[in-house]
Structures are given as structure tokens and as C-alpha cells.
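Everything on this sheet refers to the single structure shown next.
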Amino acid sequence: MRLLLAVLATILVGTSWAAGGPPAAQGASLKGEVLEVRDVDAYTYLRLKTAEGETWAAVNKAPVKKGAVVTIENTAVMTNFESKTLKKTFDRIVFGSLAGTGAGAVAAPKGADMGQVHQNVAQAPATADIKVPKATGPDARTVAEIAAKRADLKDKPVLVRGKVVKFTPGVMGKNWIHLRDGTGTAADGTNDLVVTTKEETQVGDVVLARGIVRTDVDLGSGYAYKVLVEEATLRK
């Protein structure tokens, strides 16, 4: 069963994007005039007139009126998305959070097909000079050590301290973060560790993450990952 594989693929590999065209800029927002409003269950669908033309968007349900000018933040773009509630397929639709409401971003819906999603995640503007002290304790590891020793660490707990360089909330009931501590190299991907957690954080935070190492995670369609840390608790 294909469940949000494209979302996960783009979360886990910052330089790889699902098929269907290049993504919008990292951390992009969308501003436009509301031409049409359609409310369903927990969502509000908006047809917007933007500087680039008309597009549909979906946010958490909100009292938006036709003619209003709105800004949608933390955007994720889906193509060929079918809304069973509206009985409509959108060639392109933007999911995100309505600025000024304090509501969280709308997660891409379950059941998204491969190639549908281009997920934009918050990303630190510069990560080259990150230097974070290693955690202490018997389970403490650096980002590079977890990558290098992944076979020995499989299904075992680790404690890692790192700086949050990417954050994607609410995908499959989890938040997804990328941690870097200055170890490893970009050439082989050992400088960046993907962590899943129920807890909240934000780009720029330095956190202690304790979770379980999972290895050789294959999501299908060519998306395979050597190591993840799952079910993590976070502490600053």
C-alpha cells in the first residue's frame, strides 16, 4: 500500500524530489485573493488569485470570505490530488497554514499517490558551520557515528545532540526533523540524521534526541534509506 511515500521521500532526502516538476522554494508562502470558498469537515478549500495565476489551496477550517486577501504559510504542493469529499481532482493544490490564525499546517492527506507531493520543509539558511558538542552517556553518539555504526546500532536506543535544520510536522501522525552536529560529510550523507518524534521543535533549536535506530528502510519506488532514528523524545 502506498501511503505518503512521496512526502516521506522528500522529507528524508533533502536533495531528492518526487516526480512531477521542481518544488517551490523552501519555506515558501502563498498570497492571493479568495475567489471561491468550499468548506468540508476539518478543511477549507480556497480558490486563489495570485501573482502567478489561479490556484487551489487547503487549510484547517477557517471562516474565510470571498474577496479576502490571505497568506498561506508552510506550504506543500500536491499534483493530481483527488478529494473524495468534493468529488474533484485538483491538477495542483497547495496545503498549508493560514497566516494569522495560529493553526498548524494541514498535513498532506493519507493515501497520497507516488509523485503527487512536493513537500516544502522549514530549513536553516546556513548549516556549514554547525558545531554541536556530543551528548554524554552510554548511548551517546554523533550523527556520523550513527551512520557509520548503523548495523551494530540497529533497533537499539541512541542519544544524539544536534541542531534542527529541517522540520516537517504532522506527517503520518509524526513530526520529521533533520539533525546536524558538524560531524560527517555531505558527500555521503553522513552529516544529516533524520528523526521522527511526536514532540514539537523548530529550525535552529539544539536538541537532545533519544530514539531507536532503524536501518535499511525501503519505501518502494526507489526510495531507500540507510538509517533513521524513530520514536524520539526531545530535550533542549
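The numbers here are math on the coordinates, done by the rules we state, and not lab data. From a predicted model like this one, the values you see are computed outputs, not experimental measurements. Every residue, glycine as well, gets a Cβ built from its backbone with ideal geometry; the counts of neighbours run over all protein chains shown.
Numerical summary
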| quantity | calculated |
| --- | --- |
| Computed label-point distance, nm, for sites Glu36 and Lys198 using a 7 Å Cα→Cβ extension | 4.0 nm |
| Hypothetical label at Lys61: residues of the stretch 32-53 whose amide nitrogen lies under 14 Å (7 Å Cα-Cβ projection) | 38-45 |
| Calculated FRET efficiency for the pair Arg47/Thr215, C-beta based, R₀ 30 Å, to 0.05 | 0.10 |
| Residue (of Leu208, Val165, Gly182) at the positive-pole extreme of the stretch 143-235, dipole from beta-carbon charges | Leu208 |
| Reference-scaled alpha-carbon Rg (2.2 N^0.38 Å with N residues) for the stretch 146-194 | 1.23 |
